[in-house]
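Note sheet for the following structure.
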Amino acid sequence: MNITANWSYPTAIKLGRGRIKELADACKTLGLKNPLLVTDRGLAAMAITGHALDILDEAGLGRAIFADVDPNPNEKNLEAGIKAFKDGGHDGVVAFGGGSGLDLGKLIAFMAGQTRPVWDFEDIGDWWTRADASKIAPIVAVPTTAGTGSEVGRAGVLTNSATHVKKIIFHPKLLPGVVICDPELTVGMPKAITAGTGMDAFAHCLEAYSSPFYHPMSGGIALEGMRLVKEFLPLAFRDGQDLEARTNMMSAAAMGAVAFQKGLGAIHSLSHPIGAVYNTHHGMTNAVVMPAVLRFNRPAIEEKIARASAYLGISGGFDGFYNYVLSLRSELGVPDNLTAMGIKPDRIDELAAMAIEDPSCGGNPVPMTLENTRALLLDCF
Ligand SMILES: [Fe+2]
């Protein structure tokens, strides 16, 4: 089945095969005449990026690119990107890539016109109102993976290069004005990245669904997102050329990020410090800690997960769901635990302290303390 769709929720989304050809139109819709394409170093050398630049160039929009972006973008990448944006006289950003290219692209568009330091816009209370919203440049987002969902998010993650702590920078206008979800851009992903990014999307849906906050709209989106992952992630993993599966995974990724406005939880609050300290893949780390977190949260989510199981066609309530997660992980080649991921439990105290400082911690169904988080971490080894 060839799926094509135009959605306007939560922003304008153009989903379907080959729709990257609408990139120049998307820029023009937002009034851009001289966009800067932002991506990471790895993608910069790939044919899909060259093709996107050709499309811009042929439409008279130039072919400017900034790709000095680390896997975990930091404030130095941001500074360099803002300089490239200003030096080139750019009027907007095409954020192109996985999480790093998308987040840094969005943050360059946000910060190029601000006078305060980026850390003043961390996602705390109403700090975002400190920004001059009229100076935020328009953003077109083009995801090349199916996991982060940053293309439909109102935040960007930035790592402090001195402390290695990841901060969430938030502003409503970080939401891209147009998103192009073209599954053909994702067919080149290596199997491990398909698995890791897909499990990130699943973790977003699972944690949003499980978080205790009242947000039934997000709850419904999270549930259907899990169903799409269950049906299509194994297919995309087995056959990377399966465009129907790739399309549905792009939908699931966007749905996960829409849903997690409801909250995230311990999977992400553990995964963030582990990734920061050991440089592990974010989605893969989520998948590794997922079973231990499910056991940890069981007293608070048993009934809720049983309801989800019924919808997902899994028998056996919570236990059935738990066993399903284990079998999905082994099908995708996810390491059994942190030890199998090559990590030693010698920095547990430090990781536990970072985990309970992580902003996702507040959305966990079981309140996290230093003590129970330390025990949960030990359980992940
Ligand atoms: Fe995530």
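The values are calculated or read from the model by the stated rules, or taken from the named source; none is laboratory data. Everything numeric in this text was worked out from a predicted model, so none of it was measured. Here the Cβ positions follow ideal geometry from the backbone for every residue, glycine too, while neighbour counts run over all protein chains shown. When the accessible area is computed, the model is the full protein with side chains, heavy atoms only, and any ligands, DNA or RNA have been set aside. Shrake-Rupley method; radii C 1.70, N 1.55, O 1.52, S 1.80 Å.
Compared with the dominant Cα axis of the chain, that is its longest principal axis, helix 370-379 is turned about 80°. Of all aspartates and glutamates in the structure, the ones whose alpha carbon falls short of 13 Å from that of Lys304, not counting any fewer than 8 places away in one chain, are Glu207, Asp319. For the pair Lys191 and Glu302 in one chain, pulling the backbone fully straight at 0.36 nm per residue adds 36.7 nm over the alpha carbon distance. Measuring nothing but protein heavy atoms, the accessible surface of the chain at 1.4 Å probe radius is 55 percent carbon and sulfur. Here the mean projected area of the convex hull built on the C-alpha positions of the range 12-186 is 9.0 nm². Legend: translational diffusion of the range 88-156 by Stokes-Einstein, Rh = Kirkwood radius over C-alpha pairs, 20 °C, 1.002 mPa s; D = 171 µm²/s. Computed over all pairs of different Cα atoms, the Kirkwood value for the hydrodynamic radius of the range 191-379 is 16.3 Å.
Summing charges over neighbours of Asn77, with a neighbour being any other residue whose Cβ is under 9 Å away from its Cβ, gives -3 when K and R count +1 and D and E count -1. Given contacts defined as C-alpha pairs under 8 Å and at least six residues apart, what's the relative contact order of the chain, whole-number percent? That works out to 15 percent.
Using a probe of 1.4 angstrom and keeping all protein chains present, the accessible surface of the chain works out to 39 square angstrom per residue. Straight Cα distances below 13 angstrom link Lys21 to the aspartates and glutamates Asp54, Asp57, Glu58, Asp182, Glu184, with same-chain residues fewer than 8 positions distant left out. On the beta carbon distance between Lys33 and Ala133, with R0 = 22 Å, the FRET formula returns roughly 0.55. A crude spin-label estimate for the pair Glu371 and Glu122, with each label 7 Å from Cα along the Cβ direction, gives 2.7 nm. Taking 0.36 nm per residue of separation and subtracting the Cα-Cα distance, full extension of the segment from Lys21 to Val277 would add 88.2 nm. Computed over neighbours whose Cβ is under 14 Å from that of Thr369, the net charge equals -3, Lys and Arg +1, Asp and Glu -1. Modelled spin labels at Val165 and Asp70, positioned 7 Å past Cα toward Cβ, are 1.6 nm from each other. In straight-distance terms, cross-link reach from Lys83 covers every one of the lysines whose alpha-carbon lies under 26 Å from its own, apart from those fewer than eight places away in the same chain; here that gives Lys28, Lys33, Lys106, Lys135, Lys166, Lys167, Lys173. Cα centroids of the range 148-193 and the range 1-67: 15 Å apart. For the Cα trace of the range 267-381, dividing Rg by the Kirkwood Rh returns an Rg/Rh value of 0.97.
Take the Cα of Met46, step 7 Å along the line toward its Cβ, and report every residue of the range 72-89 whose backbone nitrogen sits under 19 Å from that point. Correct set: 72-73.
With the alpha-carbon atoms of the chain aligned to their principal axes, the span from lowest to highest coordinate is 57, 47, 38 Å, starting with the largest.
To the nearest ten degrees, helix 266-278 and the longest principal axis of the Cα atoms of the chain are 70 degrees apart. Please find the FRET efficiency linking Asn6 to His215, where r is the Cβ-Cβ separation and R0 is fixed at 30 Å, and quote it to the nearest 0.05. Efficiency, from the Cβ-Cβ distance: 0.70.
Summing +1 for each Lys or Arg and -1 for each Asp or Glu among the other residues whose beta-carbon sits under 14 angstrom from that of Gly153 gives 0.
Ranking Ile180, Val288, Ala375 by Cα position along the charge dipole of the chain, where only Lys, Arg, Asp and Glu carry charges on their C-beta atoms, puts Ile180 farthest toward the positive end.
Ratio of Rg to Rh for the range 198-299: 0.98 [Cα atoms; Kirkwood radius as inverse mean 1/r over pairs].
For the residues Gly81, Gly31, Gly101, a GNM of the chain with alpha-carbon springs under 10 Å puts the largest fluctuation on Gly31.
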